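**Student:** There's a structure below that I have some questions on.
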Number of protein chains: 2
Amino acid sequence: MSRKGAQSREHILGTSRELVMEKGFAGTSIDDILRKAGVSKGAFFHHFGSKAELARELVRWHAGQDIEMFRTLAARAEATHDDPYDQLMMFLQGFETYISNPEQPSRGCMYAVYTYENAQFDEQVRGIVSEVLREWTAIYIRKFQEVLDVHPPRMEVSARQLAEMIVSIIEGALVLQRAYGKTDMTARQSRHFRDYLALLFDKPAQAAAA
Amino acid sequence: MSRKGAQSREHILGTSRELVMEKGFAGTSIDDILRKAGVSKGAFFHHFGSKAELARELVRWHAGQDIEMFRTLAARAEATHDDPYDQLMMFLQGFETYISNPEQPSRGCMYAVYTYENAQFDEQVRGIVSEVLREWTAIYIRKFQEVLDVHPPRMEVSARQLAEMIVSIIEGALVLQRAYGKTDMTARQSRHFRDYLALLFDKPAQAAAA
DNA sequence: ATGAAAACAGACTATTTGGTCTGCATTGAG
DNA sequence: CTCAATGCAGACCAAATAGTCTGTTTTCAT
């Protein structure tokens, strides 16, 4: 693939991303994409064999992005703190900063879009989506287990419960954020969850982060 | 409207409900509805002037259902207990029973579908959706305020924070429930939230409900 | 019973949709 | 520079889509 070819492909992919997040997958026609991206039908079908392939590439792109974000935040947290509780807290704070980026306020979660439109997609795409969500949960489970191994909680609770709760909260907050245009909903919910953790593990509330 | 007319209208509305929840609004064609409902195009457009009107009627139907559910559960809880904390707990338990109905496991929240597809809808429909979500939150805020007025929490927390948290959790859990086919995700998350409340308000954990 | 209004059936239409195909332009390795 | 591979433009197509219209059947108050 030539330099310009790759560039053009990225451009189409980026435009599609925005449109799909804005109008949903079924609600976004290929002509919509062509219009907004300013490219021809020939260009589109040169880079993507079909709309289904676009769906696959889109979800792969997001999966890649998110894994990278997770890894970066996790690495930073683990480099800064030894205690898994502190690591987790710092990780969540990092997420809050990331999701609150005022440059491009998040309009929702692409996996939620794909989940509610899953009838549109083939088994492969559905697999990637649930795989990513499972992976997120799994990462949290491991980390919470580390925390539980060191800090006795004030009530009986499993690592899985806590992991599924934070993932649910984030997903739900993104729905509400979009539903009534409150761009800080997700970060606020994450912060509240951290307060819950502080209470659960009997830690003093930390100074409020940025 | 004749008896059979109303009946037929309900039938179309019910079928549309299922299809939209299954495939999204943009992903559901009128022909899909006609096929599944076994009615003719003439019948459909006799009852609904357009697809947009169907969208309006659908969201109105859901709003009506949910308000009724909320009122019923709230009334029962308030009739059983005097303490707002106990009322809230019973309300949430009632919700868990409702959402866990094994007859028709919930495939998600229609408002989330509408939220992520909001570009498809007119201002009126978008208004109803955010109105319902706001109303839910408002009801919870009032109830949490009552609780906070009586029971001192173990950490500083506002009624709004708690209200938005439970709504987020439910919305998010419904996404996860659908994403990986775990039909009990929502009820479990609600239960975990109740445990959090028990910890927050320093109440003994109640015997696990059904 | 009857007649007008409501309920429906389904052919038809204009537009949009995802996708193909042919031919021209650009790129970059040799 | 050359030329084959890549990148791209846009006319074209068949199917699907939302919606219309005309005519027939059903309903129900009188």
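**Student:** Quick one: if the Förster radius is 30 Å, what FRET efficiency do A:GLU156 and A:GLU78 give, using the C-beta to C-beta distance and rounding to 0.05?
**Tutor:** 0.65
**Student:** Follow-up question, since we're still on this one. Kirkwood Rh over Cα pairs of region B:1-49 into Stokes-Einstein at 10 °C, 1.306 mPa s: D in µm²/s?
**Tutor:** Rounded to a whole number, D works out at 147 µm²/s.
**Student:** Shifting gears a bit: With θ taken as phi - 60° and the coefficients 6.51, -1.76 and 1.60, list the Karplus ³J(HN,Hα) couplings across region B:31-37 in order, rounded to whole Hz; mark glycine and proline as x.
**Tutor:** My calculation for region B:31-37 gives 4, 4, 5, 4, 4, 5, 7 Hz in order.
**Student:** Sorted from largest down, give the three principal axis spans of the alpha carbons of region B:51-200, whole angstrom values.
**Tutor:** So the three principal-axis extents are 50, 31, 29 Å.
**Student:** When the convex hull of the C-alpha atoms of region B:155-210 is computed, what volume per residue in Å³ does it have?
**Tutor:** 75 Å³
**Student:** Between A:GLU96, A:GLU171, A:GLU18, where does the largest GNM mean-square fluctuation fall for chain A, given springs only between Cα atoms within less than 10 Å?
**Tutor:** Greatest mean-square fluctuation among the candidates belongs to A:GLU18.
**Student:** Label B:GLU135 and A:MET69 with points 7 Å out from Cα along Cα→Cβ: what is the distance between them in nm?
**Tutor:** Each label point lies 7 Å from its Cα, and together they span 3.3 nm.
**Student:** What does the accessible area per residue of region A:1-102 come to in Å², with a 1.4 Å probe and no ligands, DNA or RNA counted?
**Tutor:** I get 51 Å² per residue for this part.
**Student:** To continue, here is another question. How big is the B-A contact in terms of buried accessible area, both chains counted, 1.4 Å probe, rounded to the nearest 100 Å²?
**Tutor:** For chain B against chain A, roughly 4300 Å² becomes buried.
**Student:** Summing -39500 (n - 2.57) over the DSSP H runs of n ≥ 4 in chain A and dividing by its residue number, what mean residue ellipticity at 222 nm do you reach, to the nearest 500 deg cm²/dmol?
**Tutor:** -24500 deg cm²/dmol
**Student:** Could you quickly flag the chain B residue whose beta carbon comes closest to the rotation axis taking B to A, and that distance in whole angstrom?
**Tutor:** B:GLY172, 2
**Student:** Same structure again: Note down the relative contact order for region A:52-200 as a percent, whole number, built from C-alpha pairs under 8 angstrom at least six residues apart.
**Tutor:** RCO, region A:52-200: 28 percent.
**Student:** Measure off 7 Å from each Cα along the Cα-to-Cβ vector at B:SER2 and A:SER29, then give the distance between these two points in nanometres to one decimal.
**Tutor:** 3.8 nm
**Student:** Still on this structure: Please build a GNM for chain A, connecting alpha carbons under 10 Å apart, and tell me which residue among A:VAL59, A:VAL39, A:VAL132 fluctuates the most.
**Tutor:** A:VAL39
**Student:** Take chain A, connect every pair of alpha-carbon atoms lying under 10 Å apart with a spring to form a Gaussian network, then pick out the residue of A:SER190, A:SER40, A:SER16 with the largest mean-square fluctuation.
**Tutor:** A:SER40
**Student:** If you take all C-alpha pairs in the protein assembly as shown, what percent of them are over 39 Å apart?
**Tutor:** 23 percent
The values are calculated or read from the model by the stated rules, or taken from the named source; none is laboratory data. Only a predicted model underlies this, so the values are computations on that prediction, with no experimental measurement involved. Virtual Cβ from ideal backbone geometry, glycine too; neighbours counted across all protein chains shown. With ligands, DNA and RNA removed, areas are computed over all heavy atoms of the protein, side chains included. Shrake-Rupley method; radii C 1.70, N 1.55, O 1.52, S 1.80 Å.
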